[in-house]
1. Roughly how many debye, to the nearest 20, is the charge dipole of the range A:76-194 about its Cα centre, given +1 on each Lys and Arg Cβ, -1 on each Asp and Glu Cβ, and no other charges?
2. For the range A:76-194, count all C-alpha to C-alpha pairs, find those more than 23 Å apart, and express that count as a whole percent of the total.
3. Could you work out Rg/(2.2 N^0.38 Å) for the protein assembly as shown, with Rg from alpha carbons only?
4. Let me check against my output: what whole-number percent is the relative contact order of chain B, with C-alpha pairs under 8 Å and at least 6 apart?
5. Please check chain A for the longest run free of GluC sites (Glu not before Pro) that are loop-located per DSSP (anything but H, G, I, E, B) and have at most 15 other Cβ atoms within 10 Å.
6. Sort B:Cys75, B:Cys108, A:Cys61 so the one with the fewest other Cβ atoms within 10 Å of its own Cβ comes first.
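None of the figures in this text is laboratory data; all of them are computed from the coordinates on show. None of these values were measured; they are calculated from a predicted model. With ideal geometry, Cβ positions are generated from the backbone for all residues, glycine too; neighbour counts draw on all protein chains shown.
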Amino acid sequence: MALINRGLLKTAAPLLCTRRFRGKINIQKPRKPHFGRQILIDISKPHFGPPKHLLPEIMKCEKIKDTIAKMEIDNPFERILANECLNWFNTSKMVVFLHVNSINMEDKTPVYASLKKNDMHLRTYGKKIVSMATTGTRYEAVNQLFTSHQNIIFGQPENAAKMFKILKKAPQLVVMAGIIEDKLLSKNELVEFSKLPNLDVARSQLCSVLQSAGSCLVGQLNQSQQILVSHLEKHISIQNSPTTEDNQTESIDTKEES
Amino acid sequence: MSIPYSGTIRRSGGVVSAIAKQLRAVNLKAAKRITVKFDPFGDNVTHTRNFLHYMSSRKISLTNPNCVLKTEVVCDRSEPTVDITIVPSIAETASLKKVTFKSGNLTCLELLQLLNKHITPLAPAEQITTTISTKLEKKGKRK
């Protein structure tokens, strides 16, 4: 028997504790409960307010329920997120706002990864957090955009062209507007900005434009003298060439004579 | 004195369920191209953007894989619109080439209802494909 029991699964014997044995149940003189038990009883006692017919009319109004429900509760986590969001706004010189259509994480992750490789950060913040972060600051106009689903890209303006190239692969992410160097730009302006050349190239172009004014003036001043000089040179060359012809005809004559 | 029962037996599920019901009914087989155009800084673009978000979902795009959904962002303070170009073969029979919704004053639910009213009925009826018959059935048919 013991061997069979050893083979079977051993169940723990239940812990039995006797409460009463045969005697009568005590109701008339209940003993005082333990302090801990008494505390629990006192906490869980139901509390009933005054009956409705005794309440003044104003307390019976049902419109208060809506106003109380909408009372804003201060959430410290939301404050932390709002601070983080504002930090991102302040540290990144380029902020681009995207409208998000329905997209899988499967399709979104490669975009996120390629943006990250190019030192750009795709982040999602909700309407409430962004409004908490931006109201009162200079970014307040941005709240208008946050009505549906949206994402934000934080980065540096040098990578604007790369960003557009990466976003071409995800047609569900639509560029709406952007902030570059504290200036709010529309989508078309963003596209134009991305097509601009490098800053050094732009500076050199500016230098050449500035210089072209002066060089143009110099050229125009010298134009008449140069024309005169070129005419004179041509005249000389024409004069020289008939002398060579004369020499040639003389040599033929001398040959013929000889 | 008892008053006979009046009112609904089932309660309405709210706007969200109504939108879900419309979305389940959407069939884009008649649409060749859908272009949603909006100005992001406009006041009345919330519903258009929500409509666009629903339209871009996978389920709806699977009803017609050839239908292209294009999003246009403009910055000239123009009203948001939804342009739907009908497939040419259906356009001939229905005498309807293009449908435009001016969604400045329309809610998302109304947009979907209009879509289901005008575009979904144009979808061609699904043809029952031939089922694969087993050898035994074929033998029986021959006999």
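1. Details: 15 positive and 11 negative charges, 43 e Å.
Rounded to the nearest 20 debye, it is 200 debye.
2. Numbers: 1770 of 7021 pairs.
In whole percent, the share of Cα-Cα pairs in the range A:76-194 beyond 23 Å is 25.
3. Numbers: Rg = 41.4 Å, N = 401, 2.2 N^0.38 = 21.5 Å.
Ratio of Cα Rg to 2.2 N^0.38 Å: 1.93.
4. Numbers: 185 pairs, mean separation 45.0, N = 143.
Answer for chain B is 31 percent.
5. Values: sites that count: A:Glu62, A:Glu72, A:Glu181.
That would be A:73-180.
6. Numbers: B:Cys75 17, B:Cys108 22, A:Cys61 8.
The order, fewest Cβ neighbours first, is A:Cys61, B:Cys75, B:Cys108.
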